[in-house]
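First up is the structure itself, then whatever we jot down about it.
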Amino acid sequence: MESNTHKPTAVYLIIKDACILTMDAKRPVLYNSAIAIDNHRIAAIDDTNTILKQYAAEQVIDATDCIIIPGLINAHTHIPMSYFKGLADDLPLDKWLNEYIWPLEGKLVKPDFVYDATLHGAAEMVKNGITLASDMYFEGDAMARAFIKAGVRCIIGEPLIEESGKTPLQDIGKLALDLLNKYKGNPLLDFSLAPHAIYTNGRDVLERCAEIAFEQNLLVHMHLSESRKEVEDCHNIQGTSPVFYLQDIGLLDTKLILAHGIWIKEEEMPLLAEKNASVVICTESNLKLGNGFTPIKNYLKHKVNLCFGTDGVASNNNLDLLAEMDLTAKVHKAIYYDPTFLPAELVLAMATINAAKAIHKQDELGSLEAGKLADITVLDCGNVEGQPLHNPYSQVVYALGGKAVRDVIINGEIVLRNKRLTRLDEAELVSKAKYYKAVIEKELPR
């Protein structure tokens, strides 16, 4: 006689008894629920009793009094600048770049420095619940090796900073394509074209970037309209505003992600929406450098896709994307005299599913759904600062911050468990940072 007893399906990991914010199209709040994870992907999401009946796991994480969200996506940063944290603060952007950052980078940026600094930054991101970064920095191969070791996803873009006529056009994009081929098949890595800005590259270079990106289906990641001077110079030199200049060049026909966008005018925004270009909001960095406020209300009015970036810690001082979300929502409520503006649910969407759309990975990342890759952040609310819990969205955006991150799963692997890194030695990272502090201080201008 056949038994009707159902044998549970074996999976690698179950996270149970949590409040889950899926960030899928329906945006349900799932209480007392669980996620089953196997083969790097989410196998199922349901109430805990159902999951435990249907699945048997090698590991089970109890997430009682926790909120589970999709892994946060840091859509614009410069992770290897981690060793420049707190260096040359309280200066104007041009002085900060020209007298400190760029001279130091010219002397120090070599593979070993970038590898070690990337490990440091990747660890800080993990501890803040960030599972993927869209990065722009030099020595991409060293960065790739570091992100693999840390177990963190990254889209690596080596910045192109050239004057017109000085870069052989046939060499543009070669490094990105070489790295793409070298690390082909690695689930954690992807590569982008990263022309730094319109003021650091000639038109011929930017046109070639557009051609290669279109031909190779590459993401293009660049700064745009970060300062008022940049926009004024574009009008004076190119005879038009930055977005229309990019349209004329052909860059708006690529998969384009624009960092900052503070001084983009409203008449430029419908074109960004039409072309599916995304803007990355970096509030803390922009405030600290005195560049201004991103016109979020106008972007939303024209349905431009918005997401968040921390920028580098040299201009932000942390990689806490939850703090970035909190500050952005509150500052813009004040700017527009409207406490209903930027509700918490929308803000969390900007850091998850909207960011996944910006990097064209929304079919795999950005929400918690069966079949998607298992990039997951667990936030601990079982403490004084996490209770009482009335509205999970409000708690995530306004109350918790990076200090609440307890566990992080990337590609189905636990990379942070009970606030401890599983792949990296934090004491070793701290020791290396102290070593490089001494190295950097020897090179500072006197």
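Of the residues 254, 353, 59, the one whose Cα sits farthest toward the positive end of the charge dipole of the chain, with +1 on the Cβ of Lys and Arg and -1 on the Cβ of Asp and Glu, is 59.
Taking loop as defined by DSSP and a crowding limit of 14 other beta carbons within 10 Å, which trypsin sites (Lys or Arg not before Pro) in region 182-247 fit? If you can, show how the numbers build up before the last one.
On the way: sites: 182, 184, 203, 208, 228, 229; in loops: 184.
Listed in order of number, the matching sites are 184.
With K and R counted +1 and D and E -1, the other residues having a Cβ less than 13 Å from that of residue 94 yield a net charge of -1.
Would you mind giving the average projected area, over all directions, of the Cα convex hull of region 253-405 in nm² with one decimal?
Numbers: hull surface 40.5 nm².
About 10.1 nm², averaged over all directions.
Restricting to DSSP H runs of at least four residues, report the calculated mean residue ellipticity at 222 nm for the chain, -39500 (n - 2.57) per run over all residues, nearest 500 deg cm²/dmol.
Mean residue ellipticity, 222 nm, calculated: -10000 deg cm²/dmol.
Among the trypsin sites (Lys or Arg not before Pro) in region 1-52, those located in a DSSP loop and surrounded by at most 11 other Cβ atoms within 10 Å of their own Cβ are 26. Could you tally the net charge around residue 404, taking each other residue with its Cβ under 13 Å from the Cβ of residue 404, Lys/Arg +1 and Asp/Glu -1? Result for the local shell: -2.
What separates the Cα centres of region 407-438 and region 28-81 is a distance of 21 Å. Amide H to amide H distances under 5 Å link residue 160 with 194, 196, where only residues 5 or more positions off or on other chains count and H is placed in the peptide plane.
Our Cα-only numbers for region 287-373 put the radius of gyration and Dmax at 14.0, 43 Å.
Assuming charge only on the beta carbon of Lys and Arg (+1) and of Asp and Glu (-1), the dipole of region 172-253 about its Cα centre is about 280 debye to the nearest 20.
Using the Karplus relation 6.51 cos²θ - 1.76 cosθ + 1.60 with θ = phi - 60°, the per-residue 3J(HN,Hα) values for region 278-285 come to 10, 10, 9, 8, 10, 4, 4, 4 Hz, with x marking Gly and Pro. From the alpha carbon centroid of region 96-174 to that of region 259-300 is 23 Å.
Rounded, prolate or oblate, given the Cα gyration tensor of region 218-313, with a/c below 1.5 counting as rounded?
The shape class here is rounded.
Near residue 308, the amide H atoms lying under 5 Å from its own belong to 75, 281; only residues 5 or more places off or on other chains count, and H is placed 1.01 Å from N. Entry note, the chain: relative contact order of 20 percent, from Cα contacts under 8 Å with a spacing of 6+ residues. Less than 5 angstrom separates the built amide H of residue 256 from those of 220, 278, all sequence-distant by 5 or more or on a different chain. At q = 0.07 Å⁻¹, work out log10 I(q)/I(0) for the chain with the Debye formula, treating every Cα as an identical point scatterer and leaving solvent out; two decimals please. The computed values of log10 I(q)/I(0) come out as -0.34.
Read-outs throughout are calculated quantities, based only on the coordinates presented, and are distinct from any laboratory measurement. All values reported here derive from a predicted model rather than from experimental measurement. All Cβ positions, even for glycine, are placed from backbone atoms using ideal geometry, and neighbour counts span all protein chains on display.
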